[in-house]
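Some notes on the structure that comes next.
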Amino acid sequence: MDVTPILDNLNDAQRQAVTLPNEPALVIAGAGSGKTRVLVHRIAWLIDVEGVSPNGLLAVTFTNKAAAEMRGRVEQLLGIPVRNLWIGTFHGLAHRLLRRHYREAKLPQNFQIIDSDDQLRIIKRMLKSLDVDDGRWVPREVQWFINGQKDEGIRPQHIDDEGDPDKRQLVSFYSTYEEICDRGGLVDFAELLLRAHELWRENPELLAHYQRRFQHLLVDEFQDTNAIQYAWLRLLAGKTSTPFVVGDDDQSIYRWRGARVEHIHQFQKDFPGTRIIKLEQNYRSTGMILNAANAVIANNMGRMGKNLWTDGVDGDPIRLYAAYNERDEADFIVARIRDWVDQGNLRAEAAVLYRSNAQSRVLEEGLINARIPYRVYGGLRFFERMEIKDALAYLRLIAHRDDDASFERVVNKPTRGIGARTVEMIRSYARANACSLWRAAGAIASDELNGRAANAVLSFLNLIERMARDVEHLDLQDKVDHVIQISGLIEFFRKEKGEAGETRIENLNELVSAAKGFEPDPAEEMQPLDEFLAHAALEAGEGQADAWEDCVQLMTMHSAKGLEFPLVFLSGMEDGLFPHQRSVSDPNGLEEERRLCYVGITRAMQSLYITHAEQRRMHGMENFAIPSRFIGEVPDEYVEEVRPKVQVSRPVRSYGRPQTSVAQAQQAEMGVHLGQRVRHGKFGDGVILNYEGQGPHARVEVNFETAGTKWLVLSYANLDLM
Ligand code: ATP
Ligand code: MG
């Protein structure tokens, strides 16, 4: 057998990991050292060389995107398609199990997944109907409590309120919320995991079946497993299977969502004889970037400690830009991306990272004005857009009449004369009779409601029943098309003035395309519509559905985990923003932010820019910000400050370390100054607006009279000084 392709391009430590005998293994290594690569090669090795059936493997990754990529890479390595391979996220795999064994999981066959927005809406409505003090009980906090308990694997009946009335109240919210979800056949993200765990725990034969089947468990990003995920893995591993997990303690960034990096130690206790393999060579980043990352993370305590090195080039220093405000920051980033593309690079190779989703808006505006296509990961995603959720709600109601969240969403959308009072009556009937809104509506339409309201409700119920009948035998794409037309949504958004309405209609049509392009997973054995709806809910957490256009990547630092890009911007590097305000006073919180910073820096392969603004408008207020303390943790020798545009001399900024301004020296070295007139062979006459870099990297921005503004590398441009 020819095993070379699988073992090619691996270093010794990687090869050792890939070819380990069947025993528990923990690969623990820093960013960019090839952990994910090892996992992929291990899968290929097991199938091709060890003769393991693809059905006997289960691999967990962190995002659906990563799962798709992993499957693609395994297929490429093996040269054959690997269908039915169980590769997915914890949520995706848990969902698959629950679909297959819905009865044992005590769920209706067509249960629906709700995302965190839906969940919040349900909680808001619940609090309202319980008539509790809304100043005291904040929906988000209640949501936080419920999900936190679920992530730990705890049901309301397990919680000891310790006589604390507040806690007792929260527990009672939790159980009411559970009742609502059970009644509607709704499953939130945390519930997927908890249910899947209970499914196995309470059905030993089923568990035994899966334990026999999955002799090989592989987990990427192991440092970010939470309690319930780890418990699920342990159950599955049982006594015989040998998990192979890879991770990096320095990249644990989901503690706030229940992840426990301690699982790395726990694993070694739970699986005695665990082989530990360390990878130390980094293949991703230049020396400058890697050294900067190492220096920042060195400020954390209690690390497992790793020594990452590269034999690649040192590369350019990290560029630091102090923007005047957030717009200037965005303009700067856009200009650098434009240069990048002008040099013949792909837009998709550039990523702009930020700490919070809200920061994307200004960056997006800058990109839109510059007509540079981009895609936002996280933030407002295709499947989370209002009109898409409306259409999905119709589809869900068709599949599952008792879905209260969907019922509420579209009962009067488009407007059909069902007022707030009527809806309130439906709700209270549902509460009193512990039934779904759908049933309640049917019941009161015939007796309690007056003529007009009754007619409006009945015609809504009829519309849904009629649509359900009409689409029954259509294929998925036609189902979706029919529903967006007949529901009246298209008509409704057409009335919305201007571009907004048009965009919504475009999006609805895009949903039909998404349905057309949707390929049901042969391993799922579900109705295509149900699978599509589940896919929409799971996918909403990730990229947009829009095509494969070459576009700049915008995302939070959290969503960048595991990815890599030749050009990276870390924007909004200001204290309070990053590190985030709520963590600056808490040492554990601060360390987690620092790990996030480490993740951010190590996404960059060739070029890294760090930007911060001196003034920033956030939530409608002007704030003066100081540079992030993490900037000060990068040693000077790896950093080069980019000259700001407007000022020639400015007070020395503090990055938490002494720093001398090199502006004057730089100018002298380059023999140019701002405002200087120059002549270029091709572009003609112009004025120097800005410059950055030193030595061979020195570049100037010139405003040419006819050719417009351009950045030029000084050593190539052959400028004549005038
Ligand atoms: P992260 O911690 O960010 O998830 P990782 O440890 O999973 O990183 P990979 O993404 O697997 O690292 O690898 C980083 C980059 O290095 C990838 O582009 C990968 O293809 C490349 N790489 C890894 N090992 C080698 C190798 N032995 N030879 C050449 N390239 C390699
Ligand atoms: Mg990885």
| query | In bins 5 Å wide, starting from 0, what share of all Cα pairs of the stretch 385-520 does each bin hold, as a percent? | reply | 2, 10, 20, 21, 19, 13, 9, 5, 1, 0
| remark: Dipole check, the chain, charges on Cβ (K,R +1; D,E -1), about Cα centroid: among TRP86, PRO243, PRO204 the Cα furthest to the positive pole belongs to PRO204
| note | Here the stretch 582-590 yields Karplus 3J(HN,Hα) values (6.51, -1.76, 1.60; θ = phi - 60°; whole Hz; Gly and Pro given as x) of 6, 10, 5, 8, 10, x, 5, x, 5
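In square nanometres and to one decimal, what's the mean projected area of the convex hull around the Cα atoms of the chain? Working shown, then result.
Values: hull surface 141.6 nm².
Computed as one quarter of the Cα hull surface, the answer is 35.4 nm².
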| Based on Cβ point charges of +1 for Lys and Arg and -1 for Asp and Glu, what charge dipole magnitude is obtained for the stretch 112-184 about its Cα centre, in debye rounded to the nearest 20? | 260 debye
| query | Which ³J(HN,Hα) values, rounded to whole Hz and listed in residue order, are derived for the stretch 122-133 from phi using the Karplus coefficients 6.51, -1.76 and 1.60 in 6.51 cos²θ - 1.76 cosθ + 1.60 with θ = phi - 60°, glycine and proline given as x? | reply | 4, 5, 4, 5, 4, 4, 5, 6, 7, 6, 8, 4
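Defining a contact as two alpha carbons under 8 Å apart and six or more residues distant in sequence, what relative contact order in percent does the chain show?
Details: 1148 pairs, mean separation 113.1, N = 722.
Worked out over the chain, it gives 16 percent.
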| note | In the structure shown, of LYS106/LYS239; LYS239/LYS269; LYS106/LYS150; LYS306/LYS561; LYS413/LYS495, the pairs separated by more than 22 angstrom at the C-alpha atoms are LYS106/LYS239
| query | Do you know the relative contact order of the stretch 112-184, to the nearest whole percent, from alpha carbon pairs under 8 angstrom that are 6+ apart? | reply | 29 percent
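Have a look at the DSSP beta bridges in the chain and tell me what percent are antiparallel, nearest 5.
Numbers: 24 of 73 bridges.
The antiparallel proportion sits near 35 percent.
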| request: Compute, for ARG338, the solvent-accessible surface of its heavy atoms (probe 1.4 Å) with the complete set of protein chains present, and express it in square angstrom to the nearest 10. | output: 120 Å²
| Toward the positive end of the charge dipole of the chain, about the Cα centre and with charges on Cβ (Lys, Arg +1; Asp, Glu -1), which of GLY185, LEU712, ALA351 goes farthest? | GLY185
| task | Please say if the stretch 112-184 is rounded, prolate or oblate, where rounded means a/c under 1.5 for a ≥ b ≥ c the square roots of the C-alpha gyration tensor eigenvalues, and otherwise the choice is prolate for a/b larger than b/c and oblate otherwise? | result | oblate
| Between ARG275 and residues 5 or more places away or on another chain, which pairs have amide H atoms under 5 Å apart, with H built 1.01 Å from N, and which residues are they? | ALA25, LEU26
| query | Farthest toward the dipole's positive end in the stretch 350-427, which of LEU363, HIS400, GLY419, given Cβ charges of +1 (Lys, Arg) and -1 (Asp, Glu) about the Cα centre? | reply | LEU363
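Taking the Cα centre of the chain as the origin, how large is its charge dipole in debye, to the nearest 20, when only Lys and Arg (+1) and Asp and Glu (-1) carry charge on their Cβ atoms? All intermediate terms of the calculation are to be shown ahead of the outcome.
On the way: 87 positive and 105 negative charges, 90 e Å.
So the magnitude is around 440 debye.
Can you tell me how the stretch 460-531 classifies by the Cα gyration tensor, rounded, prolate or oblate, using a/c under 1.5 as the rounded cut? Could you put the intermediate results ahead of the total?
On the way: a/c = 3.30, a/b = 1.44, b/c = 2.30.
Cα axes put the stretch 460-531 in the oblate bin.
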| Net length gained if the chain between PHE624 and SER116 were fully extended (0.36 nm per residue, minus Cα distance) | 179.6 nm
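Once you have a ≥ b ≥ c as the square roots of the Cα gyration tensor eigenvalues for the stretch 213-282, tell me rounded if a/c is under 1.5, and otherwise prolate or oblate according to whether a/b is larger than b/c.
Working: a/c = 1.87, a/b = 1.20, b/c = 1.56.
Cα axes put the stretch 213-282 in the oblate bin.
So for each of 584-592, 260-268 I average, over its residues, the number of other beta carbons within 10 Å; can you give me the resulting order with the highest mean first? Please list the in-between numbers first.
Details: 584-592: 14.7, 260-268: 18.4.
In decreasing order of mean packing, 584-592, 260-268 become 260-268, 584-592.
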| task | Enumerate the calculated ³J(HN,Hα) couplings along the stretch 355-369 in order (Karplus 6.51 cos²θ - 1.76 cosθ + 1.60, θ = phi - 60°), each rounded to whole Hz, writing x wherever the residue is Gly or Pro. | result | 7, 10, 3, 4, 5, 5, 4, 5, 5, 4, 4, x, 5, 5, 4
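The values are calculated or read from the model by the stated rules, or taken from the named source; none is laboratory data. Remember, it's a predicted structure, so these values are computed and weren't measured experimentally. No Cβ is skipped: glycine too gets one built from the backbone with ideal geometry, and neighbour counts run over all protein chains shown. Just so you know, the surface numbers come from the protein's heavy atoms only, side chains and all, with ligands and any DNA or RNA stripped out. Shrake-Rupley method; radii C 1.70, N 1.55, O 1.52, S 1.80 Å.
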